[in-house]
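Undergrad: Sharing a structure below in C-alpha cells format, with a few things to ask.
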Amino acid sequence: MLSRESSATLMSAITAFLYREARLQDEHQYEAWEKLWTDDGVYWVPANGADIDPERQMSIIYDNRSRIALRVRQLMTGKHFTQTPQSNLRRLISNIELMDEQPDDGDIAVASNSLIFESSLRDDTLWAARNEYRLRHVDGELRMAAKKVILVNNAKAIYTLSFLV
C-alpha cells in the first residue's frame, strides 16, 4: 500500500498525464499523442457493450502498437474525408480513479470519465465514455500500455468516429 503522500503524488502525475493526452487529442497533435504509448500498447474501443471479447467479437477500434502508428500516419495525411476540415474538439476528463495502486505487473490501473464535444461540418456531437487505462513508468515518464474507451452509446450505430477518442 502506498503512503498517503505517495498516493497523492501518483494521482497528481496520473491526472496531469490524462489532461495532457486529452489536449493532444483535441489539438490533433497525433505524433505527440503516439509517443504516449508503450511499445506493446493496445487501443480498444469496444462495440455492443463493455465486456466483449475483442478477439471474437466486433470492436470499433482494436489496435496493437503497429496499428496505432498506422492510424496516426493516416490521420496525418489530411485525406480523411470526414475530417476535412478537421473537427474542432474539446473534452472534459473527470472522475479519475486509481483502480490498483500496486499491481503485480507494475502497471497502474486507472479509470476516468470523458465527455467530448465535436463540432464538424456535419453537426455538433457529444461523445460520452468511461476510459480504462493501464499506465506504466518508462524512462521516468508515464506511458499508456492500454486504453479502453467504453462509449456510452456503443450499442448503437456510430456514424462517424474519425478522430482519436
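Undergrad: Give, as ranges by residue number, the residues of segment 128-164 whose backbone N falls under 13 Å from the point 7 Å along Cα→Cβ of Asp100.
TA: Answer for segment 128-164: 133-136, 145-146.
Undergrad: A follow-up question, please. Which of Gln74, Asn154, Pro54 sits closest to the plus end of the dipole of the chain, meaning its Cα is farthest towards the positive end, when Lys and Arg get +1 and Asp and Glu get -1 on the C-beta?
TA: The listed residue farthest towards the positive side: Gln74.
Undergrad: Further, regarding this structure: Return one number: the angle in degrees, 0 to 90 and rounded to the nearest 10, between the long axis of the Cα atoms of helix 4-26 and the longest principal axis of the Cα atoms of the chain.
TA: 10 degrees
Undergrad: Additional query: Mind grabbing the accessible area of Leu161 for me, 1.4 Å probe, Å², rounded to tens?
TA: Its accessible surface works out to 40 Å², give or take rounding.
Undergrad: While we're on this one: Going by accessible area, probe 1.4 Å, with all protein chains left in place, what is the ranking of Val110, Val152, largest first?
TA: On the way: Val110 5, Val152 115 Å².
Result of the area sort, largest leading: Val152, Val110.
Undergrad: If I model a spin label at Ala128 and Val152 as a point 7 Å from the Cα along the Cα→Cβ vector, what separation in nanometres do I get?
TA: Taking the two extended label points, one gets 0.2 nm.
Undergrad: Let me ask something else about it. Over segment 1-52, with the other protein chains present, what is the accessible area per residue in square angstrom, probe 1.4 angstrom? Please report the intermediate quantities before stating the final value.
TA: Values: 2710 Å² over 52 residues.
Each residue of segment 1-52 exposes 52 Å² on average to a 1.4 Å probe.
Undergrad: Please list Thr160, Thr77 in order of solvent-accessible area, largest first, computed with a 1.4 Å probe with all protein chains present.
TA: Final ranking, largest accessible area leading: Thr77, Thr160.
Undergrad: Now a separate question. Would you tell me the accessible area of Phe163, worked out with a 1.4 angstrom probe on the heavy atoms of the protein chains, in Å² to the nearest 10?
TA: Phe163 has an accessible surface of roughly 10 Å² with all protein chains in place.
Undergrad: Not counting ligands, DNA or RNA, and with a 1.4 Å probe, what is Glu31's accessible surface area in Å² rounded to the nearest 10?
TA: Roll a 1.4 Å probe over it and Glu31 shows about 110 Å².
Undergrad: Let me check something: with ligands and nucleic acids excluded, how do Arg56, Arg23 order by accessible area (1.4 Å probe), largest to smallest?
TA: Working: Arg56 200, Arg23 105 Å².
Greatest to least solvent exposure: Arg56, Arg23.
Undergrad: Considering only protein heavy atoms and a probe of 1.4 Å, how much of the accessible area of segment 94-165 is carbon and sulfur, as a whole percent? Kindly include the intermediate steps, with their values, before the conclusion.
TA: On the way: 1780 of 3710 Å².
About 48 percent, which is the carbon plus sulfur part of the accessible surface.
Undergrad: When the gyration tensor of the chain is built from Cα positions, what are the square roots of 5 times its three eigenvalues, in whole Å, from largest to smallest? Please list the in-between numbers first.
TA: Numbers: eigenvalues 142, 59, 53 Å².
Each semi-axis is the square root of five times an eigenvalue, giving 27, 17, 16 Å.
The values are calculated or read from the model by the stated rules, or taken from the named source; none is laboratory data. What you see is a predicted model; the values in this text were computed from it and never measured. All Cβ positions, glycine included, derive from the backbone under ideal geometry; neighbour counts span all protein chains shown. Each accessible area value is taken on the protein alone, full model and side chains, heavy atoms only, with ligands, DNA and RNA left out. Shrake-Rupley method; radii C 1.70, N 1.55, O 1.52, S 1.80 Å.
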